[in-house]
Amino acid sequence: MSGEKLECESKWALLYKAAVSEADDRRRLHLIARTKGAIFKREQALLRAGSEDIQERHALQDAAYILAALRKAAEFNLEGEDQLPASSKAARE
């Protein structure tokens, strides 16, 4: 396994774990965007290398699917937060 492969693979996986475990929706959205970029780069690297690593391709697809659901949930939460009265916002903090 080359150093470049390990770096690409590790980057998307580390970002994915950070995005999944982040509790703050604003930070989560930022991490999701970064993770999607890293996943795209990894997919491109696999294509260029002619890799037939089905297991990693499935992991990338699964991660992208989960990130999409997390993004929708975070956006929904933030949208609802914006609609709360000021007194409710202060109580949540």
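The values are calculated or read from the model by the stated rules, or taken from the named source; none is laboratory data. Computed from a prediction, not measured in an experiment: that's the story for all the values here. Note that each Cβ is placed from the backbone with ideal geometry, even for glycine, and that neighbours are counted across all protein chains shown.
Looking only at residues of the range 14-40 that are without any contact (Cβ under 8 Å) to a residue 24 or more places away in the chain and of a type in the set (A, V, I, L, M, F, W, C), we find that the one that is surrounded by the fewest Cβ atoms within 10 Å (Cβ to Cβ) is Ala23. Only a single item in (1) modelled with pLDDT under 95; (2) in a helix (DSSP H, G or I); (3) farther than 17 Å from Ser10 by Cβ is not met by Leu84, and it is number (2). For the range 60-80, a residue qualifies if it is free of Cβ contacts under 8 Å to residues at least 40 places away in the same chain and surrounded by 13 or more Cβ atoms within 10 Å (Cβ to Cβ), and exactly one does: Ala64. Within the range 52-79, the residues that satisfy the criterion of being among the acidic types (Asp, Glu) and in a helix (DSSP H, G or I) are Glu56, Asp62, Glu75, Glu79. Going by what's in this entry, would Ile54 be described as under 17 Å from Leu14 (Cα atoms) and not hydroxyl-bearing (Ser, Thr, Tyr)? So Ile54 does not fit the description; no.
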